[in-house]
Amino acid sequence: LIADPKQAIYAFRGADVYAYLDAARAAVTRATLTINWRSDQGLIDAYDALFANSKLGDEGIVYRRVRAADANCARRLHGAPYGAPLRIRVVERGSIEQTAKGFAQVSSTREHIARDLAGDAVTLLSSDAEVEVRSEDGATARREQIHPGHIAVLVRTNATAALIREALEDAGIPAVINGAGSVFATDTAREWLRLLEALERPTSITRAHSAALTCFLGWSPERVALADESEWEQVHQRLHDWAKVLRVNGVASLLQTISRVEGLAQRVLATGDGERRLTDLRHIGQLLHAAASTEQLGTTALTGWLRRRIVESGRDTADEDRSRRLESDAEAVQVLTVHRSKGLEFPIVYLPFLWEPGHIPDNEPVTFHDAEANNERVLDVALEGPDFRNHREQYVAEQRGEDLRLAYVALTRARHQAIVWWAGSWASRHSPLGRLLFARDADGTVATSGKFTPDDAAAVRRFEEVAAEADGCVSVERSMLGIPARWSPALPLPADLAAAAFERALDQRWRRTSYSDITAGSYDAVVASEAEEPVVNDEPVAAVVSPVTVADGGAVACPLANMGVGAEVGTLVHRVLAASEFDAADLGSELERELAAAQGRRAVDVGDLEAVVGGLRAAVETPLGPLLDNLRLCDVRRADRLDELEFELPLAGGDQPDGWLTLSMIARVLRDHLPADDPLAGYAERLTDPMLRQNVRGYLTGSLDLVVRIGSADAPRFAVLDYKSNWLGAPGEDLTVQHYRPEALAVEMYRHHYALQALLYTVALHRYLRWRVPGYSVERNLVGVLYLFLRGMVGDPSFGVFAWKPPAALVQALSDALDQGIAR
């Protein structure tokens, strides 16, 4: 068993010190630590005089003398205005308000001490005091100028924590409250509740008025009183919008939306306690989001949840999640409760309220340990009768014992110096400090209740007796208020400034490129039909022509002959096809609906809409040839297609290029791997076109119009499909399917470098499948690439469809070429 019963301070959580005492009595072997590794020897000597052999609430809990570690025998606080390790400041009753019987009035005394503490801290921080940091062998590691982060103020209640922090901030000393109280006990929690109530009923006038006064909207009472109907209409609309955000996306999204739209952080931080309020606001938001997510709470249920937390906030300080967080990471004095300070240590500790006893409520059930039942913890709810009176006396005795242990924990948090206040209120006789000094027997037993409160002179004499027992370690001081002082921290020395020199050489040839970017220079005009890059496109504009009339005789007319031409038309067609369900029961209606939707977003003059729908339907119902087993687009389910599959591939090293991708490399791969009868065998010569971008490095980006999957689940095969709406007829000529015969399509693939696009897109699909298909191989899983010239697709796969299956070795070699590049 390892424990220190002097630090047993959690009876309110059910911690049972009696269980430890029983175990300690039964122990055969005892080992006691004799070295204090935290505090200076002078401070330990002062505590020896203060506590002597005191018994802290039980015969088995005795204060024992220890010594400081060798490295801490000499003082580590240097240059402080008051150098004694333990300072006792006495508040004389003549300097504060008094009760009718001449005792110190509690609220007046608290305010006096808060101001005195702030003034003392200003004096300390304005001095040349330094904290010496030593290694274990006693050598000085460094000296630190005293700053707010060296100081802690330990209090018993949340209300006094706020009082101390306000006094420190009035003196210009940054201070933060570390976990003092439940975040649900704050005004910020109530503002959250008013907002949620308004979002629960956005049309409610009274709730809208209440929400307007919160930090979320930031209205003043005057604005609420004078706002006209139009302003309130905007508020109601905002509440409706926020209610939707909360319902659909949750509390975190709601808080982010309000913060962005309303400038919430700026408004809150502009107030005096802005950091504190903003910290609480975000903390509550996180707790609300967690509750809504884990418990599946809607707006009404979440509002009820928060309302219950607020009601219970006075009783849930033990919940770590709900304890208030530090509002700032800045260097500041920490104000925290004694309970929260356990296990921590600070160079300098202020203890302003050890002269007050812990609160013991009247007319409430009591818990106590029954000596006749092996010290079992018992709850007595009778509230009356002789047994209850006896039980209440035992309860009071246990609470007073815990008060003593709280004082011990608080005092022993200090490493170098502790500052304690004494004030003679009526209840001071029952306080831990009062009982230690004025109600302790010779054997160290501390009475449960003090019999009297000494006058100021008697108190000072007793404190001086303690000081005499620890020569030079305890000082007794009068607590007097002077002119309020403010701390002005020393300004940092100005840094030497110099203009930074940018010495790194920029790689101005590194770029995010695309097929369109590589080939842009080869077009007389730049047009668009794909989303690869905002202003570069892969479909050339034909000469501007008026729609022609389809001939009555001769070759088969194209249903899309009268559809307009140009980039906007091509983009519209891509959108319609990407959105349409090809296997819809009524394909015509499906295409008509998607065409109308696309036109609704941005109207494009495509000509007769009915004819466009008919032509697109004919294309979707055209077999795609033997490469895809004569599959038609209308045979492809949504689950077997990927539309607009975007990719980004590193070229020659990507972010850290070690070479270049050149078109001559691609030409070499084509020459090495394409047989003479391949339809793209001669394309290698076209890659010498001086209008093409011959060398690139960086990343290749693009978007595959459509990837389809065919075959079984065990052996899936994939192909790239690219839509083209090119007009292949001569200006003024009737457009027929003969313009889209295989020879014409091959010419078009060469002329506009669609062959290069096909090569790059094949590599993109190859990389995609290689990462995602188990056991992938080019031969088994990659079908190839098909270019669908939509105007020529009328049901015969011999027209309008250019299909190409690249050799597997070519795909792998080309992928390697893109990846490795060549050194230049």
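The values are calculated or read from the model by the stated rules, or taken from the named source; none is laboratory data. Computed from a predicted model, the values in this text were never measured in an experiment. Every residue, glycine as well, gets a Cβ built from its backbone with ideal geometry; the counts of neighbours run over all protein chains shown. Heads up: the accessible areas ignore ligands, DNA and RNA and are worked out on the full protein's heavy atoms, side chains in. Shrake-Rupley method; radii C 1.70, N 1.55, O 1.52, S 1.80 Å.
In terms of the mean number of neighbouring beta-carbon atoms within 10 Å, the peptides 305-313, 441-449, 800-808 order highest first as 800-808, 305-313, 441-449. Near the amide H of A332, within less than 5 Å, lie the amide hydrogens of G149, all on another chain or at least 5 residues away, with H placed in the peptide plane. Taking every C-alpha pair closer than 8 Å and separated by at least 6 residues, the mean separation divided by the residue count of segment 566-662 gives a relative contact order of 26 percent. Distance between the C-alpha centres of segment 214-263 and segment 754-796: 51 Å, rounded to the whole angstrom.
Once the Cβ-Cβ distance of R65 and D362 is raised to the sixth power relative to R0 = 51 Å, the FRET efficiency obtained is 0.85. Pull out a ≥ b ≥ c, the square roots of the eigenvalues of the alpha-carbon gyration tensor of segment 691-752, then state rounded if a/c is under 1.5, prolate if not and a/b is larger than b/c, and oblate in the remaining case. It comes out oblate by the Cα gyration axes. Rounded to a whole number, what % of the accessible area of segment 21-122 do carbon and sulfur atoms account for, probe 1.4 Å? Carbon and sulfur together cover 50 percent of it. In the full protein context, the chain carries 47 Å² of accessible surface per residue, based on a 1.4 Å probe and ignoring ligands, DNA and RNA. Converting phi to 3J(HN,Hα) with the Karplus coefficients 6.51, -1.76 and 1.60 and the offset θ = phi - 60°, segment 431-442 yields 6, x, 5, x, 6, 4, 9, 10, 9, 10, 7, 5 Hz in sequence order, with x at every glycine or proline.
Each label was represented as a point 7 Å from its Cα along the Cα-to-Cβ direction; for I205 and R751 these points are 7.3 nm apart. When each of the peptides 426-437, 51-62, 668-679 is scored by the mean number of other C-beta atoms lying within 10 Å of its residues, the order from highest to lowest reads 426-437, 51-62, 668-679.
With a cut-off of 8 Å between alpha carbons and a minimum separation of six or more residues, what is the relative contact order of segment 335-415 in percent? Spell out each step's value before the answer.
Details: 74 pairs, mean separation 37.0, N = 81.
Relative contact order comes out at 46 percent.
If packing is taken as the average count of other Cβ atoms within 10 Å, what order do 649-661, 400-412, 684-696, 84-96 fall into, highest mean first? Could you put the intermediate results ahead of the total?
Details: 649-661: 17.1, 400-412: 23.6, 684-696: 15.4, 84-96: 21.0.
Going by the mean number of other Cβ atoms within 10 Å, highest first, we get 400-412, 84-96, 649-661, 684-696.
The fraction of accessible area contributed by carbon and sulfur in segment 429-510 is 56 percent, rounded to a whole number (1.4 Å probe; ligands and nucleic acids excluded). On segment 709-821, 52 percent of the accessible area sits on carbon and sulfur atoms, based on a 1.4 Å probe.
For segment 37-80, backbone nitrogen atoms closer than 12 Å to the point 7 Å from N375 Cα along Cα-to-C-beta are found at 57-62.
Can you give the extra length, in nm with one decimal, that the chain gains between N695 and S712 once fully stretched, where that is 0.36 nm per residue apart less the Cα-Cα distance?
On the way: separation 17, 0.36 × 17 = 6.12 nm, distance 4.10 nm.
Stretched out fully, the N695 to S712 stretch lengthens by 2.0 nm.
Per DSSP H run of n ≥ 4, the term is -39500 (n - 2.57); total these for the chain, divide by its residue number, and report the mean residue ellipticity at 222 nm rounded to 500 deg cm²/dmol. Display every interim value, and only then the final one.
Working: 26 runs with 314 residues, N = 824.
Calculated at 222 nm, the ellipticity per residue is -12000 deg cm²/dmol.
The relative contact order of the chain comes to 13 percent, based on Cα pairs under 8 Å that sit 6 or more residues apart. Taking 0.36 nm per residue of separation and subtracting the current Cα-Cα distance, fully stretching the chain between S589 and T445 would add 42.3 nm.
Which of the three applies to the chain, rounded, prolate or oblate, going by the alpha-carbon gyration tensor with a ≥ b ≥ c and a/c under 1.5 meaning rounded? Walk me through the numbers before you get to the answer.
Details: a/c = 3.08, a/b = 2.58, b/c = 1.20.
It is prolate, given that a/c is not under 1.5 and a/b is the larger ratio.
Checking a compactness column here: for segment 135-262, what do you get for Rg(Cα) / (2.2 N^0.38 Å), N being the number of residues? Numbers along the way, then the final one.
Working: Rg = 22.0 Å, N = 128, 2.2 N^0.38 = 13.9 Å.
Its radius of gyration relative to the 2.2 N^0.38 Å reference: 1.58.
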